[in-house]
Amino acid sequence: MTAGPKKMEILAPAGDGEALRAAVFSGAHAVYLGLKQFSARRTAGNFTPEELAGATAFCHARDVKVYVAVNTTLWPGELAAAADCVRAAAEAGADALIVQDLAAAALARRMAPGLLLHGSTQMSVHSPAGVRQLAAMGFSRVVLARELSLAEVRAIAQDSPIELEVFVHGALCMSVSGQCYMSAFLGGRSGNRGGCAGPCRLPFAADGSGAAHLSLKDLCAVASLPQLAGAGVASAKIEGRLRGPEYVAAAVHACGESLAGRPWDEALLQDVFSRSGFTNGYLAGRMDGSMFGVRTPEDTAASRAALPAVRGLYRRERQAVPVHFTAVCEAEGVKLTARDEAGNIAIVYGGETPLPAERDQRPAIQKALEKTGGTPFYAAEIRVEGEPGYLPGAVWNELRRAALEKLLQKREAPRPLTCAAPRLPAAAHHPCRAGLPLWARFEAWEQAPAEWLPRLEGFILPIAEAERVPAALRQKAVLELPRAEFGAMEAAVQKQIGATRGLGFQGYLAQNLAHFELAKGLPLYGGFGLNITNPLAAEEYRRLGLKALTVLPELPLAEMEALEPGIPTWALVYGHMPLMMTRACPLHNVTDCTRCEKQGVLTDRKRRKFPVRCGGGVRQIYNPVPLYMGERLGEVPADAGLALFTLETRAEAAKALELLAARAPWPGEFTRGLYYKPAP
């Protein structure tokens with residue numbers, strides 16, 4: 001007999017202790033939470049190691065799993081503190097660690113191999129190859145990118161070797177998670193480090209022809225839970241570690257009702273929190289202007305009115321843990337045993353001698369032991385052995401209370417995982433190079449100045465441009481693979497790799513974990529899309545096969561000095577940084593896609609112009625001013641400088657290279673990015 005499909009998990013956010021209790025009491029099967037450090041929701045209440053231990057005990061006593069998010073990028077000086085977080089999760093007996101940075105994954109594997117690894121949505125995994133790559137690296141689950149359609153999720157799930165987790169409710173970022181640098185470059189607060197300032201929620205105008213926002217409505221895919229479960233998704237995730245307990249309880253309850261096939265109150269859920277309503281555009285494959293919305297005063301008023309009605313969902317313990325009672329009745333007294341399905345046993349004895357009974361006492365005993373309200377237990381079985389005499393109901397009530405209290409204490413006992421001391425990389429110092437060699441990345445072949453190609457250390461072009469590169473120059477060319485490969489794009493990229501291998505190119509630029517499977521065995525270089533910020537992550541990527549890597553330009557130069565992975569490092573020294581990579585089009589509200597020229601401009605409230613370019617199934621929103629380090633190249637602790645050309649003409653690219661080579665100042669407005677930002 002084959003087993004039926006596994007029940008879908010409802011996974012709830014727990015930004016603090018009150019939200020955690022609301023999640024558990026309203027029916028969540030698992031919660032995810034963060035410690036005070038390295039949480040992608042840095043401004044949530046979060047938990048100390050001691051609070052984490054208590055929260056885990058509370059949840060495990062109620063058959064609720066606990067996943068700890070250590071899901072930010074880590075700087076070199078933070079690895080020891082990150083190891084402390086791994087230790088705290090292991091000692092608390094947490095069920096899994098949610099990570100973005102491969103350094104956090106490496107620490108967990110070394111220190112606590114019994115701690116399961118879940119790949120955060122910040123890893124930007126959105127394709128079958130990405131999922132298979134995570135599985136090969138020892139992950140047991142991946143949180144898929146939120147931009148996928150139901151058909152794309154189903155295709156990934158079809159042959160997935162690990163569990164899939166999908167967001168079904170809560171806030172939607174405009175950018176593909178893990179690929180947003182807008183807050184970092186515009187406000188100095190990195191979303192990859194849990195400090196997003198939310199600049200995308202501010203007003204933007206498109207081409208001066210009307211209001212267009214980078215702000216999406218909140219996701220609500222609660223109605224799609226049965227289809228997601230049928231597709232093979234293991235966990236339905238609710239976003240909201242910055243939200244209150246009422247929000248958590250309302251979302252968990254709605255998910256439970258949907259999975260059970262019962263009606264749920266979408267209007268109430270919307271009143272609790274929304275941004276001008278909900279969207280399910282990604283899952284439905286309907287990416288249009290209806291996805292956009294902002295939080296209005298009317299939304300706020302509706303929330304104030306709705307919250308009191310929701311509190312009843314988590315006011316009392318949810319009786320979800322089965323308990324088996326056995327009452328052994330003898331002439332001198334009663335022994336009551338309470339046993340759970342994990343094998344925990346609690347035994348209590350009655351202090352009173354039963355009196356002779358005129359009628360059968362079993363129905364009264366059954367009724368007394370069934371009264372488990374106020375506890376997480378329900379009576380799954382009640383057995384009465386022997387010939388029971390008469391005892392007052394208060395005696396049976398006290399026996400039941402004492403037995404369940406002892407059983408709960410046993411279930412709350414710590415279950416720490418084995419944890420070893422961390423093995424951290426030896427301290428290193430990457431020297432600055434006075435004659436920093438230059439690499440250049442071009443958007444298209446016609447953008448590349450022919451006179452500069454022989455003078456560059458090497459150059460990078462999108463793989464779609466491969467056939468335009470003369471054979472004599474291919475040994476200097478690295479072919480860039482797309483940061484996003486939604487739907488059929490992955491198969492197309494795999495075909496392009498097959499068509500170009502053996503043609504003399506230097507290698508391929510990996511921008512996503514999927515590329516390590518798609519280009520396995522071929523020379524690989526790491527792009528900034530991998531978000532590499534510390535020596536342990538760099539070491540992990542070197543083991544995966546990288547011959548060189550690009551340091552994430554969010555990393556200050558003072559921290560960059562510690563990156564010595566044993567392969568060359570590249571640092572961005574020029575370029576209009578892609579601030580966002582989006583699947584939904586920010587120009588859709590004002591542009592007819594059938595007549596669109598695949599480009600446009602967004603204007604913010606300070607009248608800054610943000611170029612938008614469309615291609616490969618995504619849109620890129622670029623910083624209006626370039627990052628530039630020309631006269632300070634000698635301060636960059638890397639093996640080469642990388643000039644990133646995206647919007648420039650060939651003449652503009654040549655001029656930028658000329659200024660870099662001369663170590664000359666930039667003649668217009670520019671930024672140093674975060675290179676000189678002090679450590680927090």
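None of the figures in this text is laboratory data; all of them are computed from the coordinates on show. Bear in mind that the values here come from a model prediction, so they are computed numbers and not experimental data. Cβ: placed from backbone, ideal geometry, glycine included. Neighbour counts: every protein chain shown.
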So, relative contact order of the chain in percent, Cα under 8 Å, 6 or more apart, is 15 percent
Among the aspartates and glutamates, which have Cα under 20 Å from the Cα of residue 36 when same-chain residues fewer than 8 positions away are ignored? 16, 18, 50, 51, 78, 84, 91, 95, 101, 239
Expressed in µm² per second, the diffusion coefficient of the stretch 1-154 from the Stokes-Einstein equation, with Rh the Kirkwood radius over alpha carbon pairs, at 4 °C and 1.567 mPa s, is 81 µm²/s
For a protection proxy built on the mean count of beta-carbon atoms within 10 angstrom, sort 475-486, 309-320 highest first, please. 475-486, 309-320
Hey, which aspartates and glutamates would be in cross-link range of residue 476, C-alpha to C-alpha under 17 Å, not counting anything within fewer than 8 residues on its own chain? 443, 446, 451, 457, 465, 467, 639
May I ask you to give the average projected area over all directions of the convex hull of the Cα atoms of the stretch 355-406, in nm² rounded to one decimal? 3.8 nm²
Env charge @ residue 324, Cβ radius under 9 Å, K,R +1 / D,E -1, value -1
Mind ranking 528-535, 368-375, 167-174 by how tightly packed they are, going by the mean number of other C-beta atoms within 10 angstrom, highest first? 528-535, 167-174, 368-375
Length added when fully stretched, residue 451-residue 434, from 0.36 nm per residue minus Cα-Cα: 3.8 nm
Restricting to the stretch 321-411, compute how many DSSP beta bridges are antiparallel as a %, nearest 5. 60 percent
If one computes the Cα centroid of the stretch 289-358 and of the stretch 635-680, what distance in Å separates the two points? 61 Å
Take every Cα-Cα pair in the stretch 415-499 and report what % of them are more than 20 Å apart. 56 percent
Give me the Kirkwood hydrodynamic radius of the stretch 261-355 in Å, from all C-alpha pairs, to one decimal place? 18.8 Å
Once the convex hull of the C-alpha atoms of the chain is built, how many Å³ does it hold per residue, rounded to a whole number? 167 Å³
Label point distance in nm, residue 43-residue 499, each placed 7 Å from Cα along Cα→Cβ: 4.7 nm
Compute the semi-axes of the equivalent ellipsoid of the stretch 468-573, taking the square root of 5 times each eigenvalue of the Cα gyration tensor, and list them largest first in whole Å. 25, 16, 12
Beyond 19 Å, the calculated P(r) of the stretch 84-233 holds a percent of Cα-Cα pairs equal to 61 percent
Quick one: if the Förster radius is 60 Å, what FRET efficiency do residue 330 and residue 262 give, using the C-beta to C-beta distance and rounding to 0.05? 0.85
For the stretch 40-153, what does the relative contact order come out to in percent, with C-alpha contacts under 8 Å and a separation of six or more? 21 percent
Rounded to whole Å, give me the distance from the Cα center of the stretch 144-199 to that of the stretch 425-494. 26 Å
Jot down the radius of gyration and Dmax of the stretch 321-411, Cα atoms only, both in angstrom. 12.3, 39
Among DSSP beta bridges whose residues both lie in the chain, state the antiparallel percentage, nearest 5. 35 percent
What whole-number distance in Å separates the alpha-carbon centres of the stretch 212-285 and the stretch 363-412? 38 Å
